[in-house]
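Read-outs: derived from the displayed coordinates by stated rules, not from any lab. Owing to the predicted nature of the structure, the values given are computational and were not obtained by experimental measurement. Here the Cβ positions follow ideal geometry from the backbone for every residue, glycine too, while neighbour counts run over all protein chains shown.
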Amino acid sequence: MNLAATDWVGLTDQPIEAAALRARLDAAPPAERGGVCVFEGCTRSQRHPQHGELICLEYEAYGAMAREQLAEFTRRARQRWPIGAVAIVHRTGAVAVGEPSVVIAVACGHRAEAFEACRWLIDTLKRELTIWKREVWQDGTATWSDPTAKPAG
Amino acid sequence: MNAGAAGIQVDVRFFGPARDWFGAERAAYTLPVGASVKTLADRLAAGAKPHPLRFAVNRTFVADDHVLAAGDEVAVIPPVSGG
């Protein structure tokens, strides 16, 4: 389960510092980070017809498995693209509207593969990563998010 | 407990909405020697739940015919909603 020396993955129950995560990519030599792509997934505002405005999303993880999966995703991405460095962090706990729940930063020699690898990582994470979220509404109601009920986002 | 006659015990963990569907976070199940994930899924009536469930054994997704061993940690994984 070893990561490449330049890569880092993790879960955190604290606000994500995207700039600090991005800075981890500087571990790669400059020739391998000519293109850097950073994806942030943030809590969207929503209004529920009965429960009012969305206050936050509450994430819970099967942490031991999720950390191993994130490492595995980076290894699979490295088999497909010439990656200089990858850093991924996902939140647990309450993530307020507008705040990021996940940040994926990828450095490659050139932009095309950085975009592709980053896109593949977020798509794979959304399909496979053992994390679940509850929507917490203005009236105090909390409902499990149903990933099968709406387009993936 | 006579292990030979009683079979194997596995540690079953329920995550996300599956915790509500099964009314538990974790439970020990005793299964016959040679039992597969499908044996456990049938015992749990997993097919009757609101969404299809996947299973992970010792933190890796497995197919229904995966044979369980004593002491395995079996996670019941409803559709994930990270990101």
* Please enumerate the residues belonging to segment A:1-23 that are closer than 20 Å to residue A:92 by Cβ, in contact (Cβ under 8 Å) with a residue 60 or more places away in the chain and among the acidic types (Asp, Glu). => A:13
* Asked: Across segment A:106-124, which residue is surrounded by the most Cβ atoms within 10 Å (Cβ to Cβ) among those that are small (Gly, Ala, Ser) and under 15 Å from residue A:87 (Cβ atoms)?
  -> A:107
* **Identity of the residue in segment A:101-153, within 21 Å of residue A:28 (Cα to Cα) and aromatic (Phe, Trp, Tyr), that ends up farthest from the other protein chains (Cβ to nearest Cβ)** => A:115
* Exclusive hit being more than 15 Å from the chain's Cα centre (by Cα) and either over 25 Å from residue A:32 (Cβ atoms) or touching a residue at least 60 places away in the same chain (Cβ under 8 Å) (or both), set A:91, A:127, A:111 -> A:111
* When residues of segment A:41-72 are limited to those that are out of contact with any Leu (no Cβ under 6 Å at 6 or more places or on another chain) and of a type in the set (A, V, I, L, M, F, W, C), the one nearest to the other protein chains (Cβ to nearest Cβ) -> A:65
* Considering (1) surrounded by 14 or more Cβ atoms within 10 Å (Cβ to Cβ); (2) within 14 Å of another protein chain (Cβ to nearest Cβ); (3) at negative phi, say which one residue B:40 fails and leave the rest. => (2)
* To do: Looking only at segment A:78-88, decide whether some residue is surrounded by fewer than 21 Cβ atoms within 10 Å (Cβ to Cβ) and in contact with a Lys or Arg (Cβ under 8 Å, 6 or more places away or on another chain).
  => no
